[in-house]
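The values are calculated or read from the model by the stated rules, or taken from the named source; none is laboratory data. The shown structure was predicted, so the numbers you read here are calculated from the model rather than taken from an experiment. Quick reminder, even Gly has a Cβ in these numbers, built from the backbone with ideal geometry, and neighbours come from all protein chains shown.
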Amino acid sequence: MASEQNSKQRRILLKISGEALSGADGFGINPKVLSDTAKAIREVQQQGVQTALVIGGGNIFRGAELQRTGFDRVAGDQMGMLATVMNGLAMREELIKQGGNCVLMSAYGIPSITTQYQARLGRELLNSGSCVIIAGGSGSPFFTTDTAAVLRAIELDCSEVLKATKVDGVYSADPVKDPTAKRFEVLTFKEVIAKELKVMDLTAFALASEHNMPIRVFSMNKPGAFMRAATGEAEGTVVSD
Ligand code: UDP
């Protein structure tokens, strides 16, 4: 894909889950988490890092959960995608409130609220210094926002997907349950499969592996970690070819 990216500028795609936005509340959007996340994104942008953002919707709705009670999965996933638009709207407003430029794009068309997602426009906006929030997931049911994040990172010619999680990387075992669990600094896609490690869902992981899109798993709660990850310093675990 032809790149219009300014070669001096790094371009990243941050994936944050809806759950992260709810903070300790467990549901909805926590204003402090929203404000802190927007502040962190602004700081990274001020270092010249072009920043795209994909937000999940799990703090509001997940299609698969209602399916278990017999609800139609397609309608449920559409509700999940709408949830990501709500989170995206909240983040756009917060970024603008803090003095940033931000455009909310969605693959799942809601023309009166969002701009229709287009890769070329997204790249232009990123080059102009705007944050681009991509809501609506992939626009299709049966996918996750992790898959949408990898897909958009490839389309937008990003250097990496930064997957924000509760832990500061990929471990050999669950570090909460196993104190001997070891954190990896780098892994190849093949090693992740061979060691049966969990980085992203299979569809997202396969897409990243096929297009050699690096995935960096890091903790958004660790002070300075997002800045280090965004600027390409050692932080978290990087999975690549
Ligand atoms: N979803 C979908 N297609 C997509 C992305 C998301 O149908 O491409 C729906 C799906 O129902 C999913 C919900 O939106 O459960 C919220 O996304 P996700 O579970 O990925 O959010 P997160 O766990 O990151 O908060």
Yes or no: region 47-56 includes at least one residue that is within 8 Å of the ligand (Cβ to nearest atom) and buried (at least 24 other Cβ atoms within 10 Å of the Cβ). yes
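Yes/no matrix, rows are residues, columns are (1) within 14 Å of the ligand (Cβ to nearest atom); (2) under 17 Å from residue 105 (Cα atoms):
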position	(1), (2)
141	yes, no
154	no, yes
188	no, no
191	no, no
Starting from residues that are touching a Pro at 6+ places or on another chain (Cβ under 8 Å) and not in a loop (DSSP other than H, G, I, E, B), keep the ones in region 126-165 and report whichever is surrounded by the fewest Cβ atoms within 10 Å (Cβ to Cβ). 160
Among (1) exposed (fewer than 15 other Cβ atoms within 10 Å of the Cβ); (2) touching a Pro at 6+ places or on another chain (Cβ under 6 Å), there is one condition residue 77 misses while meeting the rest; what is its number? (1)
Within region 81-125, of all residues that are among the small types (Gly, Ala, Ser) and at pLDDT below 95, the one surrounded by the most Cβ atoms within 10 Å (Cβ to Cβ) is 107
Return the residues of region 57-78 that are within 8 Å of the ligand (Cβ to nearest atom), of a type in the set (Gly, Ala, Ser) and over 28 Å from residue 122 (Cα atoms); say none if nothing qualifies. 64
Identify, please: which residue in region 112-121 is within 16 Å of the ligand (Cβ to nearest atom) and outside any loop (DSSP other than H, G, I, E, B) and is, among those, nearest to residue 79 (Cα to Cα)? 116
Would you point out which residue out of 73, 68, 62, 42 is within 20 Å of residue 103 (Cα to Cα) and among the charged types (D, E, K, R)? 42
Is there a residue in region 34-41 that is in contact with a helix residue (DSSP H, G or I) (Cβ under 6 Å, 6 or more places away or on another chain) and within 16 Å of the ligand (Cβ to nearest atom)? yes
Checking residue 204 against (1) within 14 Å of the ligand (Cβ to nearest atom); (2) over 16 Å from the mean Cα position of the chain (by Cα); (3) on the phi < 0 side of the Ramachandran plot, only one condition comes out false. Which one? (2)
Taking first residues from region 164-176 that are on the phi < 0 side of the Ramachandran plot and second residues anywhere that are among the hydroxyl-bearing types (Ser, Thr, Tyr) and in a loop (DSSP other than H, G, I, E, B), the pairs with Cβ under 9 Å that are 6 or more apart or on different chains are 164/17; 165/17; 172/180; 173/180
Can you list the helices (runs of 4 or more DSSP H) found entirely within region 1-85 that contain at least 1 residues being farther than 30 Å from residue 228 by Cβ? 63-67
